[in-house]
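All remarks here apply to the structure that follows.
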Amino acid sequence: MAGQDSTSLSGWGRYPSVDTFIDRPESRASLLQAVQNSGGTNSSGAGSGDLLARGKGRSYGDAAEAACGQTVLMEKLNRFMAFDSETGLLRLEPGVTIAEILQTFIPKGWFSPVVPGTKFVTVGGAIAADIHGKNHHRDGSFSNFVTRFWLLTAAGEIIECSRIQNADIFWATIGGMGLTGIIVEAELTLSPIESSYISYKSIRADNLTELMGLFDQHEERHHYSVAWIDCLAQKNSLGRGVLLLGDHAKLTDLPEQLKNHPLTLKPDKQVTVPFDMPSSLLNRYTMSTFNSLFYAVKTNQEKIADYDSYFFPLDAIGSWNRMYGKAGFIQYQCVIPPAASKQALTEILNACSQKGWGSFLAVLKRFGSKTCPSNTSLSFPIAGYTLTLDFPVKASLIEFTRKLDELVISHGGRVYLAKDACLTPETFRTMYNANFENWRQIKHKIDPDNVFRSALSQRLEIN
Amino acid sequence: MNNKTVLILGATSGIAKATAQALAAKGYGLHLAGRDKSELEILSQDLSIRSGAKVSYSLFDVHNVDSHQQFFKDVLAQCGTIYGALVAVGELGDQILAQNDPTHAKRIIDANFTGVVSLLTPIANYLEEQRQGFIVGISSVAGDRGRQSNYLYGSSKAGLSAFLSGLRNRLAKSNVQVLTVKPGFVNTKMTFGKQGMFLVAEPEDIAKGIVAAIEKRQNVIYLPWFWFWIMKIIRSIPEPIFIRMKM
Ligand SMILES: Cc1cc2nc3c(=O)[nH]c(=O)nc-3n(C[C@H](O)[C@H](O)[C@H](O)COP(=O)(O)OP(=O)(O)OC[C@H]3O[C@@H](n4cnc5c(N)ncnc54)[C@H](O)[C@@H]3O)c2cc1C
Ligand SMILES: NC(=O)c1ccc[n+]([C@@H]2O[C@H](COP(=O)([O-])OP(=O)(O)OC[C@H]3O[C@@H](n4cnc5c(N)ncnc54)[C@H](OP(=O)(O)O)[C@@H]3O)[C@@H](O)[C@H]2O)c1
């Protein structure tokens, strides 16, 4: 049943808000019906209305809303279809969330091969944004583990896409932000684990040079790495931060009391989250407390945390996105190629600290060389450092992000579409350049009438 | 695993899907029944992957009353025994259409009441003989007092509530629990996109309440609980005042 009236919808940043019609199919048949109703696939294949799939709306900007058109909520198409307990090969519907995968498969000894900073994203959203985790340097992005998927196209057909079959559409859909069609089923490989715990340590760095040195020194030996940065620090302390290294704890790493139930889902009460975990950072509302956090870090001490508080500290706070108030906020995530990383990060952090705009969350990660192998994909990760900043929406924000865009472009970097709310058609084209032109040819082939459109694709004139 | 199988009638319902998951997590086996074969197959797969439960399925149509006896025979042949049954079949229908089209009115009544009575008849007789188990019927707060905005649906649910009440009275001596569930608004495809919804609960919350009530062998529950008080107030409004209200 389609909602009669349009609804106002936005992404996780609550900016911008977009008027759209929503539908929420619960079966394959009702999905096809919803798509037909939208005029997306009439007999001539010519669309009369925009159409777009939406997962859990955890992209920050305007990627998951069809402006004025039909936004199809995929969350009820969330069934597991088949699982091979020998190989970890899992077939599922795209509305399944990472949270559901973990809930179901951790007790069986399997983990999602890539997890973002929240577990409330769907597999459809994970493929469409080609999400990355703290293990990109080792494993690459989500698509590396996707063997194939089935795509509902503008022509109303469901086609199988893999590295062999319809390979061009496969790559155009990975990172394609829902603009090639609707993923209706997918297949991916889970990773085996011995326990649901993470052994981790944190290391303090007094400035950016030191921090980047720590990445060089330690990253290769660890499955997960991420750094939290104090973006108000200036001069000699610019870029000071804490590097967090983690690995799936093996049975032998676990303290005695955990060994009997190594694959528990519920965090064991006895394993208290250490005070230098990100969640305690987030419970404080100002960045001035970064100091206390910073000096409390016990460098190099090995600790054990449950997977949930290690990977998803923000999920414990619920709708923390409301903290920024009605105006909403943006997340600015860019990646800079290795050679230019240091210079670019220095310039960006300088720009922030000069403005006095401490981002609530400032996260630094490094992407490795296992990037998307296709030159027809809009997948975000390229090798280099990736910095993530949050800013509340205010008057001079756009002006500021334009300045950041210039810095990023001048160093050969790009901005993540799943977070973006501010790029222009021009800055987008410069950043995604050749790949975009290649991608576009496939878009024209598979969706000649531009049926699949989002507020983002309209803003960036992606057609 | 507890080797008890629950028959879910209307297994594609949002409330039923959540309840089936909650029951499977408790170790019950399941037999899913509905009218959409490919959905039933997907749901069975999903449930068994999530919980390791034994799940089978079969087809029925609530309006096809003549087939209900045979349908249940086939379920028994497939499952061996049944320990409990949950009926989630129902149709909200279109009140305005039903006021002008008696076929539509009849359809609403059949989907919520007469068809359900027909389905439950062989099941009740079977469980009475087994002298154990449960029947859960999903009625609605809408059955507590007829209102102009949905009295066809409401009256059919009132019929169902009264039927379940009588059945409970009859089966008590056979040790069979009959649970009447009266949900308020629930976020399922029945209500999605509809105007005038408030205090909307998630199907997972309703499922938790149903499983807890089965375990406590309760008779009638409102879900969430506060609907008990809301309906108590609505029922207590004197008729002369009620008839002038827009509800
Ligand atoms: C707290 C937080 C932390 C995050 N951390 C990370 C991180 O570490 N790494 C990272 O990469 N991202 C991160 N993200 C971003 C998030 O992972 C992505 O935006 C992801 O796409 C969100 O998934 P979703 O299911 O909510 O999709 P939505 O936001 O609903 O949609 C995202 C895009 O996917 C498309 N889409 C959704 N379903 C389908 C489908 N079935 N078929 C085709 N297209 C579809 C939509 O059209 C849209 O373009 C984070 C977000 C939050 C809120
Ligand atoms: N949602 C609410 O706010 C609410 C409130 C109070 C009570 N209830 C009651 O809760 C129960 C479950 O409803 P729901 O909210 O979960 O909505 P739902 O998803 O629409 O469930 C209705 C179920 O009835 C089935 N059904 C309808 N006609 C049928 C037929 N001819 N043959 C076989 N099955 C048929 C549907 O099958 P298909 O999936 O194949 O259509 C579906 O499984 C219903 O009895 C409803 O009246 C709901």
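The values are calculated or read from the model by the stated rules, or taken from the named source; none is laboratory data. None of the values given here were measured: they were computed from a predicted structure. Glycine also receives a Cβ, built like all others from the backbone with ideal geometry; neighbour counts cover every protein chain displayed. All accessible areas refer to the heavy atoms of the entire protein, side chains included, with ligands and DNA or RNA removed. Shrake-Rupley method; radii C 1.70, N 1.55, O 1.52, S 1.80 Å.
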Extension gain, B:LYS246 back to B:SER174 (0.36 nm per residue minus Cα-Cα distance, nm): 21.5 nm
Per residue of region A:364-374, what does 6.51 cos²θ - 1.76 cosθ + 1.60 with θ = phi - 60° give for ³J(HN,Hα)? Whole Hz please, x for Gly and Pro, Karplus curve as stated. 10, 9, 10, 8, x, 8, 7, 8, 4, x, 9
I want to check the label-to-label distance for A:LYS259 and B:ARG147. Put each point 7 Å from Cα in the C-beta direction and report it in nm to one decimal. 6.1
For chain A, what is the calculated [θ] at 222 nm in deg cm²/dmol (nearest 500), taking -39500 (n - 2.57) for each run of four or more DSSP H residues and dividing by its residue count? -8000 deg cm²/dmol
Hey, can you grab everything whose amide H is under 5 Å from the amide H of A:PHE111? Only 5+ residues off in sequence or another chain; H modelled, so Pro and N-termini drop out. A:SER191, A:ILE193
Please name whichever of A:ALA340, A:HIS248, A:SER359 sits farthest to the positive end of the charge dipole of region A:197-429, dipole taken about the Cα centre and charges placed at Cβ: Lys and Arg +1, Asp and Glu -1. A:SER359
To the nearest 10 degrees, how steep is helix B:203-215 against the longest Cα principal axis of chain B, on a 0 to 90 scale? 70
Give, rounded to the nearest 20 debye, the magnitude of the charge dipole that region A:197-429 has about its Cα centre when Lys and Arg contribute +1 at Cβ and Asp and Glu contribute -1 at Cβ. 320
Under 5 Å, built H, 5+ apart or other chain: amide partners of A:ARG148: A:GLU187
Ignoring the sites themselves, what is the longest stretch of chain A with no GluC sites (Glu not before Pro) in a DSSP loop and at most 16 other beta-carbon atoms within 10 Å? A:303-460
What range in chain B is the longest one free of trypsin sites (Lys or Arg not before Pro) that are in a loop by DSSP and have at most 13 other Cβ atoms within 10 angstrom? B:1-130
Point-charge dipole on Cβ atoms (K/R +1, D/E -1) for chain A, about Cα centre, debye to 20: 800
For the A and B pair, go ahead and give the buried accessible area with a 1.4 Å probe, both sides summed, in Å² to 100. 1700
Write down the accessible area per residue of chain A in Å², having rolled a 1.4 Å probe over the full set of protein chains. 37
Taking accessible area as the heavy-atom solvent-accessible surface of the protein chains with a 1.4 Å probe, which residues of region B:33-66 lose no less than 20 Å² upon going from the isolated chain to the full protein assembly? B:GLU39, B:ILE42, B:GLN45, B:ASP46, B:ILE49, B:ARG50
Once you place label points 7 Å from the Cα toward the Cβ at A:THR189 and A:TRP320, how far apart are they in nm? 3.3
What list of ³J(HN,Hα) values in whole Hz, one per residue of region B:69-84 in order, does the Karplus curve 6.51 cos²θ - 1.76 cosθ + 1.60 (θ = phi - 60°) give from phi, with Gly and Pro shown as x? 4, 5, 3, 5, 4, 5, 4, 5, 4, 6, 9, x, 10, 10, 9, x
Listed residue pairs exceeding 30 Å between alpha carbons, taken from B:LYS189/B:LYS232; A:LYS56/A:LYS259; B:LYS54/B:LYS232; A:LYS419/B:LYS37; B:LYS17/B:LYS216; A:LYS119/A:LYS445: A:LYS56/A:LYS259; B:LYS54/B:LYS232; A:LYS419/B:LYS37; A:LYS119/A:LYS445
A 1.4 Å probe over the protein heavy atoms gives region A:344-463 a carbon and sulfur accessible-area percentage of 48
Can you give the FRET efficiency for A:ASN433 and A:LYS108, using 1/(1 + (r/R0)^6), R0 = 60 Å, r = Cβ-Cβ distance, to the nearest 0.05? 0.90
Dipole axis of the protein assembly as shown (+1 Lys, Arg; -1 Asp, Glu on Cβ), positive-most option in B:ALA85, A:ALA154, B:HIS104: B:ALA85
Which cross-chain or sequence-distant (5 or more) residues have an amide H under 5 Å from the amide H of B:ALA85, H modelled 1.01 Å from N in plane? B:LEU7, B:PHE134, B:ILE135, B:VAL136
Label-point separation, B:GLN78 to A:ILE159 (7 Å along Cα→Cβ), nm: 3.7
How high is the FRET efficiency between A:ASN350 and B:SER236 when r is their beta carbon distance and R₀ equals 60 Å, given to the nearest 0.05? 0.30
Quick one: pull the percent of accessible area on chain B belonging to carbon and sulfur, 1.4 Å probe, ligands and nucleic acids left out. 55
Threshold 50 Å², probe 1.4 Å: give the residues of region B:176-205, in number order, that are less accessible with all protein chains present than with their chain alone. B:LYS189, B:PHE192
Degrees, to the nearest 10: A:397-410 long Cα axis against longest axis of chain A: 80
Out of B:ASN187, B:ASN64, B:ASN100, a Gaussian network model of chain B with alpha-carbon springs under 10 Å gives the largest mean-square fluctuation to B:ASN100
Chymotrypsin sites (Phe, Trp or Tyr not before Pro) lying in DSSP loop within region A:197-226, provided at most 12 other Cβ fall within 10 Å: none
